[in-house]
Amino acid sequence: MTGHTAPLAATALALVVAATGCSTESGSADDMSELTLRVGDQIAGAEPLLEAAGELEDTPYEIEWSTFTSGPPLLEAMHADAVDIGQVGNTPPVFAAAADSSVRIVSAFDTTPDGTSVIVPTGSDIEEPADLQGASVAVARGSSAHGLLLGILDAEGLDFDDLDVNYVQPADALASFSEGEVDAWATWDPYVSQAGDQAEAEILVNAEGHTNTFNFQVASEDALGDPVREAAVEDYVERINSAVEWSREHPEEYAQVWAEHSGLPAEITELAAERREPSPRPVDAALIEEQQVLADNFAEAGEIPSAPDMSEFVDDRFDHLVPSS
């Protein structure tokens, strides 16, 4: 059955699911039967994915969903002990680490470059990335799109002072872009697909060669330090991995449930689902190295005070759950 709770940053839902038998080394199904796992989500999120894949049918714990506008406020809520685990892009953990937040990357996915892009209106005078100099660009601060914009500027020999950067959350950015108040928008799907459908936008440049395209499940230190909650996190990560693998083979079914949850037209979620092509991957040395490059670049650009050691903000204890290729 489904219930509701007060929102943390946008919409919050409480989903009560039946307790069934499963166990881990950390905690049993009986231990988890009294547990509520607090999950942070976004519009491109985990709840519709898990529901579509049938992975919410037998969890041995209750899930309380809280939906956020982007990754940074989700991780802020996690640091405040309001969320146990949540889904974000590559950049929010860098900003959280720079603030010495008590969060850890525990699960990772590769996605395609088109999922994060800078878009411009069709017919714009901005025809190549170098034309962004002097342009007004909307972006959510600390989001994966912020990381993409940094990479593009580095490639063009520009910095943020060479642009008129509008740090706004996606809903406000979509309105500004649609009304012609900004020249470009750095964002991610489903907003890339939504702007293409509703605001005649086109992709100027995607993430290819400019930034990594990781998505993460990030958990709080408190959740990982509690045996029963850790067992629930492990179970949840396993379900996410299975659902991601399922979505690659069933993008239309996933997109339909996603549309129902988000209120977006199915044609938008279908395009976004087909374009993402997520694939589970380990939290390994290569991932840490790429995240460190991102952190170093943000520090050099003056967007964070100093570069954190990203190896201190990852936890590979669930890598055994990554499906074998």
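The values are calculated or read from the model by the stated rules, or taken from the named source; none is laboratory data. The structure displayed is predicted, hence computed values, not measured ones. Positions of Cβ are generated from backbone atoms using ideal geometry, with glycine treated the same way; all protein chains shown enter the neighbour counts. With ligands, DNA and RNA removed, areas are computed over all heavy atoms of the protein, side chains included. Shrake-Rupley method; radii C 1.70, N 1.55, O 1.52, S 1.80 Å.
Per-structure values
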read-out	value
Length released on extending from Glu208 to Phe160, taking residue separation times 0.36 nm less the Cα-Cα span	15.3 nm
Part-to-part distance (alpha-carbon centres) for region 234-272 and region 283-302, which is given in Å	29
Global geometry of region 194-307, whether rounded, prolate or oblate, following the gyration tensor of its Cα atoms and the 1.5 cut on a/c	oblate
Phi-based couplings in Hz for region 171-179 (Karplus 6.51, -1.76, 1.60; Gly and Pro marked x)	4, 5, 5, 4, 5, 5, 5, 4, 8
Mean-position separation - Cα centroids, region 118-192 and region 76-103, in angstrom	24
Helical mean residue ellipticity (222 nm; -39500 (n - 2.57) per DSSP H run of 4+; nearest 500) of the chain	-11500 deg cm²/dmol
Residue-wise HN-Hα coupling along region 104-121, computed from phi with Karplus coefficients 6.51, -1.76, 1.60 (Hz; x: Gly, Pro)	9, 5, 10, 7, 9, 9, 7, 10, 7, x, 5, x, 10, 8, 9, 10, 9, x
Efficiency of FRET between His250 and Gln198 - r from beta-carbon atoms, R0 25 angstrom, step 0.05	0.45
Cα-based Rg and Dmax for the chain, where Dmax is the largest Cα-Cα distance (Å)	19.1, 61
Evaluated over region 40-129, the Cα radius of gyration and Dmax, each in Å	16.3, 55
Filtered GluC sites (Glu not before Pro), region 149-223: DSSP coil and at most 16 other beta carbons within 10 Å	Glu179, Glu181, Glu200, Glu208
Largest to smallest principal axis extent of the C-alpha atoms in region 74-206, angstrom	45, 32, 26
Sequence ranges 231-238, 301-308, ranked by mean other-Cβ count within 10 angstrom, highest first	231-238, 301-308
Modelled FRET efficiency - R0 22 Å, Tyr167 with Ser124, Cβ distances, 0.05 increments	0.55
Nitroxide proxy distance, nm - points 7 Å out along Cα→Cβ at Glu179 and Glu221	4.3
Relative contact order [Cα under 8 Å, 6+ residues apart], region 200-325, whole percent	23
Of all accessible heavy-atom area on the chain, the percent that carbon and sulfur account for (1.4 Å)	42
Backbone HN-Hα couplings from phi across region 279-286 [Karplus 6.51/-1.76/1.60, Hz, Gly and Pro as x]	9, x, 9, x, 8, 10, 4, 5
